[in-house]
Amino acid sequence: MLGELRVRELGVIEDVDIVFGPGLTAITGETGAGKTLVVEALELLVGGRADASIVRTGAEETTVEGRFVEGDEEIILARAVPRAGRSRASIDGRMAPLTMLEEAGRDLVDLYGQHAHQSLLRPAMQRAALDQFAGVDLGPVRELRHGVADCEAELAALGGDERQRQRELDLLRFEAAEIAAAAIVSADEDERLGTEEETLRAATALREAVTSAYETLEGGARPGALADLGVALEALGHQDLLAAYAGRLRGLVAELADLSTELRRAVETFEEDPERLEEIRVRRQLLRNLVRKHGDDVADVLAAADRLAARVRAIEDTDARRAEIEAHRDHLADALVAAERLVGDARRAAAGRLATTVEGHLHSLGLRRARLGIVVPPDGIGDEVEFLLAANPGEAALPLAKVASGGELARAMLALRLVLTSMPPTLVFDEVDAGIGGEAGLAVGASLAELGADHQVLVVTHLAQIAACADNHLVVEKREEKSRTIARVHPVAGHERVVELSRMLSGHPESDSAREHAAELLEKVGARRFG
């Protein structure tokens with residue numbers, strides 16, 4: 001709850017330090033004393049709009065600090081609004097952006113009246129209020145939405161659309177089939193074919209050369225070299241002194257005979273084969289085409305075949321995984337539609353009951369002919385919940401944010417809060433007493449006190465009937481000091497409270513009858529609350 005509020009240089013407030021207690025606190029004072037400045041200070045503290053015109057004349061800036069206490073923990077919010085320049089915010093003494101101040105304040109304080117900060121003006125909070133009343137469990141919807149979103153994220157991570165993947169798969173399969181059809185024997189196939197091609201192209205010349213060499217040795221039309229050498233060997237063989245020469249010549253004849261035999265065999269190998277040569281040329285052209293597509297040599301083509309096969313398997317595996325995810329997503333989406341329909345049906349069923357219950361409180365709070373409507377879309381989950389109020393007969397029902405009267409709006413919010421249980425720990429009502437009095441004022445006071453049993457409630461009021469219901473009573477007074485008007489805030493109790501209530505009842509705090517009436521009012525309220 002709000003434990004302490006310090007306000008400096010705000011309008012007619014020079015420097016006030018207010019300590020707040022639990023339960024219902026009434027803030028009263030004569031018209032123009034500065035009561036609403038306390039509410040304005042709180043609105044600044046929770047991120048409300050700031051205008052340099054609020055800075056007290058002669059001061060450089062307005063500052064507001066608030067200490068909020070929850071058990072043993074506390075949080076201190078602060079706001080400074082300079083006469084020139086941008087406002088500043090801090091949380092627990094550390095600078096913070098205004099959005100953080102607003103977020104922190106939203107969990108701590110709700111303002112009711114003509115204040116943009118009040119949470120129930122926001123469509124999301126109206127929807128949350130209806131869900132709370134209806135006992136709607138949004139857990140299954142959130143879980144299913146997260147599941148669908150996770151599936152979509154996983155599908156996006158797989159990449160590409162189906163047509164693009166199919167085009168890639170077709171191309172990969174075509175290229176892989178092209179390499180497979182080539183039936184490459186080995187990485188050095190092109191080199192071996194090149195050697196064979198060179199041999200076939202030179203076959204005629206090689207055959208002629210080998211034949212000529214063979215005929216030179218063996219002879220043809222005339223005796224060959226071996227025959228001549230045989231004659232020479234015969235001549236040397238009969239002379240003992242020439243035996244060395246004969247031995248050498250005999251070795252040479254044997255060597256040439258072996259060479260002649262090899263040449264004869266070689267002649268048979270160098271045969272022309274135009275068909276094989278053409279076959280080799282076509283094959284090598286096929287290999288060159290594949291090399292141009294996939295690398296620098298046949299080894300690169302074989303490596304590319306492995307890569308293409310791996311990529312095809314990966315895409316096929318991805319497609320299988322994609323189909324699995326899509327099936328799961330579709331299942332979750334169907335379940336989500338059903339879950340959202342259940343939530344929407346619960347909201348539509350509870351809308352009328354909540355409106356009727358709140359209307360009953362509105363009637364007891366002085367809006368006896370008020371009508372509250374809660375609009376929920378007829379189909380689906382019904383997220384676009386809107387609360388409508390017609391405060392008087394013949395008026396059109398308007399969204400709460402467009403209700404012109406601050407008092408009517410504050411009472412509508414009070415009626416809603418009497419029905420709902422989830423709310424910030426500190427509730428501030430301004431103008432809640434506009435246009436009412438008597439028993440209606442006591443009803444409003446009693447309702448505020450009822451809220452004060454579980455929450456800290458601050459109410460700015462002109463009605464003694466409401467102020468008499470408070471657990472704590474603060475009075476705002478204007479004084480003139482050193483030719484300047486200054487607002488002071490002080491608590492009252494006992495006799496001082498009776499005097500303040502008598503002023504509120506009659507305008508004559510010194511009147512004995514007014515004081516008797518004030519004392520009677522306090523006694524009546526006490527009897528109603530605690531009797």
### Task
Restricting things to alpha carbons, find the Rg to Rh ratio for the range 454-531 using the Kirkwood radius for Rh.
1.03
### Query
Percent relative contact order of the range 188-296, based on C-alpha pairs within less than 8 angstrom and at least six residues apart?
40 percent
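Exposure proxy check: F174, F429 ranked by fewest other beta carbons within 10 Å?
Numbers: F174 10, F429 30.
Listed from fewest to most nearby Cβ atoms, that is F174, F429.
When Lys and Arg each count +1 and Asp and Glu each count -1, what net charge do the other residues less than 13 Å away from T261, Cβ to Cβ, add up to?
On the way: positive: R264, R265; negative: E218, E255, D258, E262, E268.
With Lys, Arg at +1 and Asp, Glu at -1, the neighbours total -3.
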### Task
Grab the eigenvalues of the alpha-carbon gyration tensor for the chain, scale each by 5, take roots, and send me the semi-axes largest first in whole angstrom.
111, 29, 17
### Query
With axes computed from alpha carbons, what is the tilt in degrees of helix 139-158 against the longest principal axis of the chain, rounded to the nearest 10 within 0 to 90?
30 degrees
### Query
With contacts defined as alpha carbon pairs under 8 Å and 6 or more residues apart, what's the relative contact order of the chain in percent?
22 percent
## Note on the structure
The size of the Cβ-based charge dipole (Lys, Arg +1; Asp, Glu -1) of the chain about the Cα centre, to the nearest 20 debye, is 2640 debye
### Query
Once Rh is set to the Kirkwood radius over Cα pairs, what Stokes-Einstein translational diffusion coefficient, in µm²/s, holds for the range 266-391 at a temperature of 37 °C and a viscosity of 0.692 mPa s?
145 µm²/s
### Query
Where does helix 494-506 land angle-wise versus the long Cα axis of the chain, in degrees 0 to 90, nearest 10?
80 degrees
### Task
Principal axes first, then extents: for the Cα atoms of the range 188-296, list largest minus smallest coordinate on each axis, whole Å, largest first.
75, 30, 14
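Looking only at the chain, where both bridge partners belong to it, what percent of the DSSP beta bridges are antiparallel (to the nearest 5)?
Values: 46 of 63 bridges.
Restricted to the chain, the bridges split so that about 75 percent are antiparallel.
Taking the beta-carbon count within 10 Å as an exposure proxy, list Y214, Y245, Y112 from fewest neighbours to most. Walk me through the numbers before you get to the answer.
Values: Y214 21, Y245 14, Y112 28.
In order of increasing Cβ crowding within 10 Å: Y245, Y214, Y112.
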### Spin-label pair E481/E152, simplified geometry with 7 Å Cα→Cβ offset, distance in nm
6.1 nm
### Query
For K402, which lysines qualify as cross-link partners when the Cα separation must be under 21 Å and same-chain residues fewer than eight apart are set aside?
none
### Summary
Nearest 10, in degrees from 0 to 90: the angle of helix 203-218 to the longest Cα principal axis of the chain is 30 degrees
### Query
What is the Cα centroid distance between the range 55-118 and the range 487-513, reported in whole angstrom?
32 Å
### Task
Return the distance in nm (one decimal) between the two label points of a simple spin-label model at D107 and L226, each offset 7 Å from Cα along Cα→Cβ.
11.1 nm
### Message
From zero outward in steps of 10 Å, how is the percent of C-alpha pairs of the range 340-489 spread across the bins?
### Response
11, 34, 30, 16, 6, 2, 1
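Considering only the other residues whose Cβ falls under 12 Å of the Cβ of Q456, what net charge follows from Lys and Arg at +1 and Asp and Glu at -1?
Values: positive: none; negative: E70, D110, D454, D471.
So the environment of Q456 carries a net charge of -4.
Rule-based calculations on the coordinates, nothing more; no lab input. For clarity, every value in this text was computed on a predicted model and none was experimentally measured. All Cβ positions, even for glycine, are placed from backbone atoms using ideal geometry, and neighbour counts span all protein chains on display.
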